[in-house]
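Colleague: One structure coming up, written as structure tokens, with questions to follow.
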Amino acid sequence: DTEVTQTPKHLVMGMTNKKSLKCEQHMGHRAMYWYKQKAKKPPELMFVYSYEKLSINESVPSRFSPECPNSSLLNLHLHALQPEDSALYLCASSHSKGASYNSPLHFGNGTRLTVT
Amino acid sequence: KNEVEQSPQNLTAQEGEFITINCSYSVGISALHWLQQHPGGGIVSLFMLSSGKKKHGRLIATINIQEKHSSLHITASHPRDSAVYICAVSSSGSRLTFGEGTQLTVNP
């Protein structure tokens, strides 16, 4: 069982839809991350939140909009996506302050997104 | 050349065999992570190390900072160890850089 919970597990959406991915952790971690992973490739960092503030945006298109309502929750709002955005979206958290990546990452099981 | 290179890319073993996966990196690091990803997608952090050796059950991870090399060993391998194993490095104030992963299949 993972301590980082992601919902939904699977999502199919059209290019005109608006949907949200959700991530929750109750380990007291203050750094939370969104990664995108294509098949047979390593994860690619999208966003990092540190103490509920966005600290890293890896030049992600504006059709992806992250939100951190509180220290336990992380959302990824999706709008006007393209078929090439289909991927596994992974949430992670860690104790790290900022984005120094010097403590273990705890990953969720991911949301498998298909854009039609 | 990638900053983090893993070998082999694919590895097939028989149950009970001793397995080694290697990771070489070309940048200065503050820590190296070994991660495990099962077909369902979830990633588990196995080890984070910056020197020496760590052991957890049948898994052992070593790192040689001078040679910029790390190994992940699995003793008495089991079919449930079948997964993708990913090496990743972190540098101070920088991003986590991932290797391409090693697909391990352990046959009964």
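The values are calculated or read from the model by the stated rules, or taken from the named source; none is laboratory data. Please read these numbers as outputs of a predicted model, since none were measured by experiment. Glycine gets a Cβ as well: all are built from the backbone with ideal geometry, and neighbour counts include every protein chain shown.
Colleague: Does B:Val106 meet the test of being farther than 22 Å from A:Ser103 by Cβ, in contact with an Asp or Glu (Cβ under 6 Å, 6 or more places away or on another chain) and either more than 9 Å from chain A (Cβ to nearest Cβ) or not polar (S, T, N, Q) (or both)? Before you say what the answer is, go through the steps one by one.
Modeller: Numbers: farther than 22 Å from A:Ser103 by Cβ: yes; in contact with an Asp or Glu (Cβ under 6 Å, 6 or more places away or on another chain): yes; either more than 9 Å from chain A (Cβ to nearest Cβ) or not polar (S, T, N, Q) (or both): yes.
Spelling it out, B:Val106 is indeed farther than 22 Å from A:Ser103 by Cβ, in contact with an Asp or Glu (Cβ under 6 Å, 6 or more places away or on another chain) and either more than 9 Å from chain A (Cβ to nearest Cβ) or not polar (S, T, N, Q) (or both).
Colleague: How many residues are surrounded by 15 or more Cβ atoms within 10 Å (Cβ to Cβ) and either without any contact (Cβ under 8 Å) to a residue 12 or more places away in the chain or touching a helix residue (DSSP H, G or I) at 6+ places or on another chain (Cβ under 8 Å) (or both) when one looks only at the range A:1-35?
Modeller: Final tally of qualifying residues: 0.
Colleague: Mind checking which residues of the range A:70-116 are touching an Asp or Glu at 6+ places or on another chain (Cβ under 8 Å), modelled with pLDDT under 95 and loosely packed, with under 15 Cβ neighbours inside 10 Å?
Modeller: Of everything in the range A:70-116, just one residue is touching an Asp or Glu at 6+ places or on another chain (Cβ under 8 Å), modelled with pLDDT under 95 and loosely packed, with under 15 Cβ neighbours inside 10 Å, namely A:Asn70.
Colleague: Consider B:Ala61 carefully, then state whether it is farther than 24 Å from A:Gln6 by Cβ, assigned to a strand (DSSP E or B) and within 14 Å of chain A (Cβ to nearest Cβ). Before the answer, list the steps.
Modeller: Working: farther than 24 Å from A:Gln6 by Cβ: yes; assigned to a strand (DSSP E or B): yes; within 14 Å of chain A (Cβ to nearest Cβ): yes.
Yes; evaluated as a whole, the condition is true for this residue.
Colleague: Do any strands (runs of 3 or more DSSP E) entirely within the range A:13-116 hold 3 or more residues that are within 13 Å of another protein chain (Cβ to nearest Cβ), and if so, which?
Modeller: Numbers: elements: A:18-25, A:31-37, A:44-50, A:53-57, A:64-70, A:73-79, A:87-94, A:111-115.
The strands (runs of 3 or more DSSP E) meeting that bar are A:31-37, A:44-50, A:53-57, A:87-94, A:111-115.
Colleague: To continue, here is another question. When you scan the range B:93-103, do you find a residue that is more than 9 Å from chain A (Cβ to nearest Cβ), of a type in the set (Phe, Trp, Tyr), within 30 Å of A:Ser55 (Cβ to Cβ) and surrounded by 21 or more Cβ atoms within 10 Å (Cβ to Cβ), even just one?
Modeller: Within the range B:93-103 (the criterion being more than 9 Å from chain A (Cβ to nearest Cβ), of a type in the set (Phe, Trp, Tyr), within 30 Å of A:Ser55 (Cβ to Cβ) and surrounded by 21 or more Cβ atoms within 10 Å (Cβ to Cβ)), the answer is no, since none of the residues qualifies.
Colleague: Something else: Given the conditions (1) surrounded by fewer than 18 Cβ atoms within 10 Å (Cβ to Cβ); (2) within 14 Å of another protein chain (Cβ to nearest Cβ), which single one is not true for B:Gln14?
Modeller: (2)
Colleague: List the pairs whose first member sits in the range B:26-53 and is within 26 Å of A:Thr5 (Cα to Cα) and more than 10 Å from every other protein chain (Cβ to nearest Cβ), whose second member is in a loop (DSSP other than H, G, I, E, B) and among the hydroxyl-bearing types (Ser, Thr, Tyr), and whose Cβ atoms are under 8 Å apart, counting only residues at least 6 apart or on separate chains?
Modeller: B:Leu32/B:Ser50
Colleague: Would you call A:Ser50 under 22 Å from A:Asn109 (Cβ atoms), surrounded by 17 or more Cβ atoms within 10 Å (Cβ to Cβ) and either modelled with pLDDT under 95 or under 10 Å from the mean Cα position of the chain (by Cα) (or both)?
Modeller: On the way: under 22 Å from A:Asn109 (Cβ atoms): no; surrounded by 17 or more Cβ atoms within 10 Å (Cβ to Cβ): yes; either modelled with pLDDT under 95 or under 10 Å from the mean Cα position of the chain (by Cα) (or both): yes.
For A:Ser50, the condition - under 22 Å from A:Asn109 (Cβ atoms), surrounded by 17 or more Cβ atoms within 10 Å (Cβ to Cβ) and either modelled with pLDDT under 95 or under 10 Å from the mean Cα position of the chain (by Cα) (or both) - is not met.
Colleague: Quick one: in the range B:1-30, of everything that is among the charged types (D, E, K, R) and part of a loop (DSSP other than H, G, I, E, B), which residue is nearest to the chain's Cα centre (by Cα)?
Modeller: Taking the range B:1-30 first, the residues among the charged types (D, E, K, R) are B:1, B:3, B:5, B:15, B:17.
Right, trim to part of a loop (DSSP other than H, G, I, E, B) and you get B:1, B:3, B:15, B:17.
Working: B:Lys1: 19, B:Glu3: 15, B:Glu15: 19, B:Glu17: 17 Å.
The residue in question is B:Glu3.
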